[in-house]
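Here the structure is laid out as structure tokens; the discussion comes afterwards.
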Amino acid sequence: MIGRLLDGRYQIRSRIARGGMATVYLATDLRLERRVAIKVMHGHLADDSKFKERFIQEARSAARLAHPNVVNVFDQGQDSDMAYLVMEYLPGITLRDLLQEHKVLTTEQTLDIMEAVLAGLAAAHKAGIVHRDLKPENVLLADDGRIKIGDFGLARAASSQTATGAALLGTIAYLSPELVTRGIADTRSDIYAVGIMMYEMLVGEQPFKGDQPMQIAYQHANDAVPPPSRKNPRVPPELDDLVVWATERDPEDRPRDARAMLDQLYETHSALMTSLPSTSSTSVQRTMVMPTATAAPHPSSTAETQVIGSLRARPQGALAVPDSAAALAARSRTGRKRGLIIGAIIAVLVLVAAGIGLWFGVGPGSKVQIPESIAGMSVEDATAALTALGLTVDAQTGETNSPTIATGLVAETDPPLGDRVTKGGAVQLLLSIGPKAIPVPVFAGMTEDQAKDAIKQAPFTLDDSTVRQFDASIPLGTVIDALAADGTSLTGVATYGELQTVKLIVSAGPLPDVTGLSVADAQTKMVQAGLVYGATRAEQYSDTVPEGNAILLQVGDGSTPIRVGDTVDIITSLGIEQVEIPDVVGETWDTAKQKLLDAGFNLDYNIFADAGPQFFTVTKLSPAGGTMADKGSTVKVTFSS
């Protein structure tokens, strides 16, 4: 791509970054003579209509925003088979780069960055756009001090409430509980991601950790984000409250959008600055409305707002004339009349409010939340639970894939679990038909890293307990086989359930050679290879290994493959086997020779006897027949013709 001219206008200069959907290049706009950043979708995704639609959606979403804290999108187009979009070029670093370098940011740095992020996000929310992929990698810190958010590739309309299915989009560490459990995002999902980023800036790490993405997702769905001060005691309580508010598990308890959180952030910032000692580094110049110098403060006025009434000059010595009785009575009647009218209005308002409360609280207009706890229930139990809440259950059930709910049990509902439905409204139960069937790659022959990547891409779930199996015929680190959750081989299997467990069997190379070693030395060598010593078994004769020394390592009868961590026996030598010499004196040579060879002896004889073995008779053996001798030793034979 370097040096290529896109659409006869954009000259590609160098590569800036590469992501899962696209690569970003630095380019020159030859028409306007300015540097721009061009995001080019990966070629292998060009034929995927969903990816292409998502890519174009980023251009449309960002183009609708004109805000100093949002990366500007200038153009979008297609050159041959490449879809691209043109954005403003911001030389600098990302928030992720800053966190990797400094780990923990100060309160001031955190507030400054968050104000910029929330300002840009508030503009997006006002335009009806949910970002859905907020993370430090998408917050750009330009060299000139500007802070902008970018990458609207996963943006959706704020009112769409679209579920993403099992394949959750966005980075797992910043996904809100409702995105993890139901795949639904709105403006409050972005607020959750902002809260996680804020926690990370104040603490230096994310609140939830795990070896597998599913472990992190489970914590987001079930655990509350702790206050940052538990990890960093220097975090003020005001920021603790802000982070906890933004990361509440229930979306209803979070700020409704970025503007609401930004307003609170301004107040928090102001309060923190006020509480600090006034120094040249911490003092903040605040805008104040001052009264005129000649106006004296009214005794009832507050320090914040002063209402100065007009002053009438009185003649010196003049006294106020008291009101007449008639005037006082008229004023009293007017006051009572006004009081009755106000009381009547209040009574009507109370009745209206009570009626509205009854209608929406317990009457036909009230709403009931579909409980997430019915996931995993039988149809009968789920129906009973929903009916008890005043909902109507559709007699016709539906189907959906689920990697976690057993087949035939309730996995989801329509409307989705957790949604609020008008009392008496209909709910359809969606029963699990098991995980979605995913094609199984040929794992055997891959390197371990290649197999792990293939499992992640499928997507399946990697079982961390990888099996290391000794095999002299397969190179070290090469995958021998992959096992399903029930322990059966996936070799030759066409499909397997989405997100189901896959365990790899990887070659550990050849077994350690212990032939001829003492038992003690053989034990040391096997333990170094990751094996556990079981017992010593003297079971094999050997004409090369002295009696009592090791011959080989074995599990059971030797038919079971040996794996790292197995308990293994040492098979030792019985020495040379003693066998009886067949007594063949008096037999013809053709018969006697075969018996002696079958018994395992070497023979010393006159080779002329082989010319006519049926004519020669054995007259003597040395050692004599019927005696015991080492198998493989030599017997001398004498004939007569």
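FRET efficiency for the Thr544 to Asp464 pair, using the beta carbon distance and R₀ = 51 Å, is estimated at 0.75. Taking the number of Cβ atoms within 10 Å of each Cβ as an exposure proxy, the fewest-first ranking of Ser518, Ser432 is Ser518, Ser432. Applying 1/(1 + (r/R0)^6) with r as the Cβ-Cβ distance of Ala66 and Lys367 and R0 = 41 angstrom yields a FRET efficiency of 0.65.
Set the Förster distance to 25 Å, then compute FRET efficiency between Met628 and Tyr533 from the Cβ-Cβ distance, nearest 0.05. Can you show the working numbers first?
On the way: r = 35 Å, r/R0 = 1.39.
After rounding to 0.05, the efficiency reads 0.10.
The H on the amide N of Val393, modeled in the peptide plane, is under 5 Å from the matching H of Val427, each at least 5 residues off or on a different chain. Every pair of different Cα atoms in segment 92-275 enters the Kirkwood calculation, which places the hydrodynamic radius at 16.3 Å. Expressed as a whole percent, the proportion of Cα-Cα pairs in segment 519-573 lying more than 17 Å apart is 32%. Using a simple spin-label model with points 7 Å from Cα along the Cα→Cβ vector, what separation in nm is obtained for Asp453 and Asp112? If labels sit at Asp453 and Asp112, their model points lie 4.0 nm apart. Counting every pair of alpha carbons in segment 369-432, the share spaced more than 15 Å apart comes to 39 percent. Plainly put, segment 578-640 has a radius of gyration that is 0.93 times its Kirkwood radius, both from alpha-carbon atoms, as the Rg/Rh ratio.
Potential lengthening of the chain between Asp557 and Gln206 amounts to 121.2 nm, from the contour at 0.36 nm per residue minus the alpha-carbon distance. Extension gain for the segment Arg420 to Ile93, taken as residue separation times 0.36 nm less the Cα-Cα distance, is 113.5 nm to one decimal. The relative contact order of segment 545-617, computed from alpha carbon pairs under 8 Å that lie at least 6 residues apart in sequence, is 27 percent. Which whole-angstrom value gives the distance between the alpha carbon centres of segment 556-593 and segment 220-260? Each part's Cα centre sits 74 Å from the other's.
Two numbers describe the Cα atoms of segment 437-507: Rg and Dmax, which are 11.1, 35 Å. Where the centre of each part is set by its Cα atoms, how far does segment 391-420 sit from segment 462-512, in angstrom? Cα centroid to Cα centroid, the span is 35 Å. Potential lengthening of the chain between Asp583 and Thr392 amounts to 59.0 nm, from the contour at 0.36 nm per residue minus the alpha-carbon distance.
No lab work stands behind these numbers, since they all come straight from the coordinates. Note that this is a predicted model, so its numbers are computed, not measured. We place every Cβ from the backbone using ideal geometry, glycine too, and count neighbours over all the protein chains shown.
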